[in-house]
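Below is one structure, written out as structure tokens, with a few remarks after it.
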Amino acid sequence: MTDLATAGRHALVIGGSMAGLLAARVLSEHYGDVTVLDRDVFPEAPDHRAGVPQSHHAHGLLPRGHEILAELFPGLLASLAQAGAFHTREGIPVLQVTPAGRLPAAPLRGQGEYLAFSRFLLEWQVRQWLREHTNVRFLPATEVTRLVGREDGTGVSGVQVRYRDGREGPEVLHADLVVEASGRTSKLGGWLQDLGYGAVPEESVTSDIGYASRFYRRPEGFPAPWHGLIINGRPPHNPRAGLILPVEDGRWHVTLGGFAGHHPPTDEAGFLAWARDLPDPGLYEAIRVAEPLTPIRGYRTPTNTWRHFERLPRWPRGLIALGDAVCHYNPIYGQGMSAAAVSAAALETSLRTGGPDFEHAFQKALARVVAAPWQVATGEDLRWPGVKLTGASAGPGLRLRHAYGNLVLGQAVRDEVVAGAFVDMIMNLRPPSVLARPAILARVLGGSLARALGGTVQDAEPALSPEVVSLLRTRPAGAPFHAPRRIT
Ligand SMILES: Cc1cc2nc3c(=O)[nH]c(=O)nc-3n(C[C@H](O)[C@H](O)[C@H](O)COP(=O)(O)OP(=O)(O)OC[C@H]3O[C@@H](n4cnc5c(N)ncnc54)[C@H](O)[C@@H]3O)c2cc1C
């Protein structure tokens, strides 16, 4: 249904990645025309592209992201499954091994099905959906170089672009609304300063993370009780984390991540050696027997940043910003795409209720949306020696919060109620305060006290049992796995 107040008007989105596509979907219900500009040429089939280098690294979509995508793009999840996405109703979708041990498996949400896919398959499917179902058009090979201000100084009237495919330029493209979604390298801060809006306050955390990733063929009948595996780092001593995500076409997307300047290598021997020294050996044992399908790709980012556009005293009419351009978290927590989805939902609310000058109000609403994932990510990042927060204070009692977090994990690995609350928090389904609710607090403190008085500390159960590891080690290279196919 088109909104009469804005029908016939033109919205222009800078960046055709997940945040831009999700925003375009929402805008398509409110604006007569929506144009998505990207400096890249989009691939003709699901594939990586230069402007989204992170697609070489495993991307998990949190449950809230799934829900919003299903609402905004009816039939999308079924199309993903048809396109070969991994889907199952059995087994543990993704086992998480925390510093305290394995978390109990959470029941599957929604339709009771687990669906997983690569970042580039998702983006491709969403783009196709928009092409087929909406008034959104795409302008590839078009790079925005600056914002164009309104003559009366009240806001933004368009963008200046330069074409990257030989078309003549530069050119100015006009729009009633410009949406900045050009990702973590966004230049919006500088563009706003050029228009006289002042410096944008920023909060940054110096996580200095490195990733190394590759695709593997998933070994047929691999004898694990899980389909995917997350191994968390163990602060302060083991800064290595790892992820196996089952994706389309019978593949595993495997990512190794390192915190605080400890970056996984991208050569064959180094990649395996790094995996071997993860806090749990399961990922190493799994990739040792899997066939690599792609080269190893690296990615590094020194800081994660929240640009507080909502704090500018004046905000231009005709402009909003969302996605990684506003806040990019340490990717290890898998929040970016889901946060973009929640931001698109907030945009829908602002467009419906915000009135003609909804833009500044939207930036304020967005700040509330990103606050919880930012708090979760930075709170964990600050456990690592040398990692600092600039532009803000970590808040009182950080040490106490970390100490309580350790108790929560110690209880979560043996208590489904606490595990449920913890998982809801890291999945951004509930705010961090969920762990301070009296029922959870009582279980955490009671359980911790009982274990302390009991004096026995059980060894944490590994991701793969010794029987499975021995099977993997003794099996001739390339031999199929025999029944029983799953040993728990
Ligand atoms: C290593 C890594 C791993 C990640 N893992 C996860 C995960 O597991 N789960 C998750 O949810 N999120 C993850 N993320 C975050 C996720 O990739 C992003 O949050 C998500 O893609 C949304 O980003 P975005 O659309 O705002 O920006 P981006 O994806 O960065 O896209 C920006 C777009 O803007 C275009 N562009 C840039 N400048 C211009 C310009 N001047 N003119 C025109 N076009 C321009 C680019 O070509 C690109 O298409 C990860 C990120 C990284 C870096």
Original post:
F259 is checked against (1) at pLDDT 95 or above; (2) crowded, with 18+ Cβ neighbours inside 10 Å; (3) within 16 Å of the ligand (Cβ to nearest atom) and fails just one. What number does that condition carry?
Top reply: (1)
Original post:
Within the stretch 378-395, is even one residue without any contact (Cβ under 8 Å) to a residue 12 or more places away in the chain and either within 20 Å of the chain's Cα centre (by Cα) or surrounded by fewer than 18 Cβ atoms within 10 Å (Cβ to Cβ) (or both)?
Top reply: yes
**OP:** Working only within the stretch 401-439, note down all residues that are more than 15 Å from A377 (Cα to Cα), in a helix (DSSP H, G or I) and open to solvent by 40 Å² or more (accessible area, probe 1.4 Å).
**Re:** A403, Y404, N406, L407, E416, V417, A436, P438, A439
**OP:** Specify the residue that is farthest from the chain's Cα centre (by Cα); the eligible residues are those in the stretch 289-306 that are away from the ligand (no atom under 12 Å from the Cβ) and under 23 Å from L61 (Cβ atoms).
**Re:** A290
**OP:** Select the strands (runs of 3 or more DSSP E) contained entirely in the stretch 256-371, then report the ones holding at least 1 residues which are closer than 17 Å to L177 by Cα.
**Re:** 319-321
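Here's the yes/no breakdown for (1) within 16 Å of the ligand (Cβ to nearest atom); (2) in contact with a strand residue (DSSP E or B) (Cβ under 6 Å, 6 or more places away or on another chain); (3) more than 23 Å from D357 (Cα to Cα):
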{"position": "L115", "(1), (2), (3)": "yes, yes, yes"}
{"position": "R119", "(1), (2), (3)": "yes, no, yes"}
{"position": "P140", "(1), (2), (3)": "yes, no, yes"}
{"position": "E151", "(1), (2), (3)": "no, no, no"}
{"position": "G166", "(1), (2), (3)": "no, no, yes"}
{"position": "V179", "(1), (2), (3)": "yes, yes, no"}
{"position": "S182", "(1), (2), (3)": "yes, yes, no"}
{"position": "E203", "(1), (2), (3)": "no, yes, yes"}
**OP:** Of the numbered conditions (1) open to solvent by 30 Å² or more (accessible area, probe 1.4 Å); (2) within 24 Å of I244 (Cα to Cα); (3) within 14 Å of the ligand (Cβ to nearest atom), S79 fails exactly one; give the number of that condition.
**Re:** (3)
Original post:
Quick one: would you say R49 is modelled with pLDDT of 95 or more, assigned by TED's automatic domain parsing to the domain that holds T349 and near the ligand (Cβ under 8 Å from one of its atoms)?
Top reply: yes
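Every residue, every condition in (1) of a type in the set (A, V, I, L, M, F, W, C); (2) at pLDDT 95 or above; (3) closer than 30 Å to R475 by Cα; (4) within 16 Å of the ligand (Cβ to nearest atom), yes or no:
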| position | (1), (2), (3), (4) |
| --- | --- |
| I287 | yes, yes, yes, no |
| H308 | no, yes, no, no |
| A345 | yes, yes, no, yes |
| T353 | no, no, no, no |
| A365 | yes, yes, no, no |
| P373 | no, no, no, yes |
| V376 | yes, no, no, yes |
**OP:** For the stretch 1-29, enumerate the residues that are at pLDDT 95 or above, open to solvent by less than 30 Å² (accessible area, probe 1.4 Å) and assigned to a loop (DSSP other than H, G, I, E, B).
**Re:** G15, G16, S17, S28
Original post:
Which residues, counting only those in the stretch 317-343, are open to solvent by less than 40 Å² (accessible area, probe 1.4 Å) and away from the ligand (no atom under 16 Å from the Cβ)?
Top reply: G318
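The values are calculated or read from the model by the stated rules, or taken from the named source; none is laboratory data. None of these values were measured; they are calculated from a predicted model. Neighbour counts are summed over all protein chains in view; Cβ atoms, including those assigned to glycine, are modelled from backbone coordinates with ideal geometry. For the accessible areas, the whole protein counts, side chains as well, though only heavy atoms, and no ligand, DNA or RNA atoms are used. Shrake-Rupley method; radii C 1.70, N 1.55, O 1.52, S 1.80 Å.
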